[in-house]
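The block underneath contains the structure these notes are about, expressed in structure tokens.
No value in this document is a laboratory result; all are computed from the given coordinates. Model, not experiment: these values are computed from the prediction. Neighbour counts run over all protein chains shown; Cβ positions are idealised from the backbone, glycine included.
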Amino acid sequence: MFFHLVLTTECNLQCKYCFGETMEDFDEDFGDFNVDYSLSKRVSYSWKTLADFCRLDPEIVLTFYGGEPLLCTSEIRQCMDAVKAKHFMIQTNGLLLDRLEPEYVNRFHTILVSIDGEEELTDYYRGKGTFRKVVDNLRLIRKNRFRGELIARMTVMEQTDIFKQATWLLDNKEFSFSSVHWQLNAGFWGNDYARRNFRQWSKSSYIPGLNRLARFWVDEMERKGVVHKLYPFLGIADSLLFDKKPCLLRCGGGWVNYAVQTDGYIIPCPTMWGMKDYYLGHVATEDPLKLKKLFVAEPCSKCEILNVCGGRCLYANITRRWSKEAYAEVCKTVRGLVNAVEAEVPRIRRLVDEKRVSKQDFEFLKYNGCEIIP
Ligand code: SF4
Ligand code: SF4
């Protein structure tokens, strides 16, 4: 099982698609959901409690999460010293990576770091100076011998040219990544669709960009024999080519990947913090292997591509923050993604048959924080 540990509700950045949206969203009604807005800012359960909980699953994977988890370096050290997990991971904005000693950083199996592409774009979304500090820290941890997987985690919206930014992250003079994932800022806030240009952008920029990027991805396999870990493509290609079973929600939210709030209550995914109707018990009393499972409802449950999409996002499906029409626009991007990979399947199959790339090149640790469907 996978668990996000929410170490703090605080963050040291004020990104446009997160803090900015919260401000715009402030007066929005959050439906009939019963939300606890008074969660403790820091972890209020004991590491012993968590250690006992984790002992029940020898395969457990823990991901430090926030807010910004590196605001809690002492909690990270304490947790890693006290709790036995198969892997530790962290999802961070990267600004404070230099505050954690290499003996801890180097124990992370995976670090997901938020970066949106080139300096100009990253700083536009995340604030001036963010890119430079993050890149400096990434160079530092590599110098200090971090050998785990480093995933660039992009948040994507209207100012992003997906082809330009994803290819830049894979190969540039500042810091090149071998793993890239992206997530659309879509369906998470209440009133942003009306004031945004999502429909036009997804049709004229994002979906054509996905087609171009998928062609580039396979061109690189042909040219260099390399399968770049572009997670959305990797997950879909794996399903279309190899692991053909119908998939459940690909992020694992609510069925294999849960989150532990600062107060120890377990929720299906970190975005559902405080939503009391979805509390699944407490780390002090639950067995990680026996948690209740939740699955997406309509429109996903009746969708003809549910088998390959998996439902995109449990939070969006439950909260329905975007209208039916707006939700349908997001689904068009999912179809666009599947179509982009599907169009390349014959070429990939040929490359596998010719042994220029292998089935193993498409393998990845599922539920590692990459949701696959952006
Ligand atoms: S394409 Fe849309 S409706 Fe269909 S399963 Fe995915 S998110 Fe749900
Ligand atoms: S895709 Fe949705 S349900 Fe899954 S982890 Fe992200 S916010 Fe949670």
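Stretching Lys292 away from Asn12 to a fully extended chain increases their span by 97.4 nm, per 0.36 nm per residue minus the current alpha-carbon distance. Rounded if a/c is under 1.5, else prolate if a/b beats b/c, else oblate: with a ≥ b ≥ c from the C-alpha gyration tensor eigenvalues square-rooted, which is region 29-111? Judged from the Cα gyration tensor, region 29-111 comes out oblate (a/c at least 1.5, b/c at or above a/b).
For Ala51 and Glu342, the difference between the fully extended length at 0.36 nm per residue and the C-alpha to C-alpha distance is 100.4 nm.
Max-minus-min Cα coordinates of region 154-267 on each principal axis give 50, 38, 32 Å, with the largest extent listed first.
Normalising by residue count, region 261-374 has a Cα convex hull of 137 Å³ per residue. Rounded to 0.05, the FRET efficiency of the Asn191 and Ser40 pair, given R0 = 22 Å and the Cβ-Cβ distance, is 0.15.
Counting Lys and Arg as +1 and Asp and Glu as -1 over every other residue whose Cβ lies under 11 Å from the Cβ of Gly187, the net charge comes to +1.
Shape analysis of region 232-300 yields a ratio of the Cα radius of gyration to the Kirkwood radius, Rg/Rh, of 1.06.
With the gyration tensor restricted to C-alpha atoms of region 105-190, the semi-axes of the equivalent ellipsoid amount to 22, 14, 12 Å, longest first. Extension gain for Arg350 to Ser323 (0.36 nm times residue separation, less C-alpha to C-alpha distance): 5.5 nm. Helical runs (DSSP H, four residues minimum) scored at -39500 (n - 2.57) apiece and divided by the length of the chain put the mean residue ellipticity at 222 nm at -10500 deg cm²/dmol. Counting every C-alpha pair in region 272-331, the share spaced more than 17 angstrom apart comes to 49%.
P(r) tail, region 313-374: Cα-Cα pairs separated by more than 13 Å, 74% of all pairs. Listed by chain and number, the aspartates and glutamates placed with their C-alpha closer than 17 angstrom to that of Lys41 are Glu10, Glu68, Glu75, Asp263; residues fewer than eight positions away on the same chain are left out.
The antiparallel fraction among DSSP beta bridges confined to the chain stands at about 15%. Placing +1 on the Cβ of every Lys and Arg and -1 on the Cβ of every Asp and Glu, with nothing else charged, gives region 123-216 a dipole about its Cα centre of roughly 220 debye.
Calculated on the Cα set of the chain, radius of gyration then Dmax: 19.9, 58 Å.
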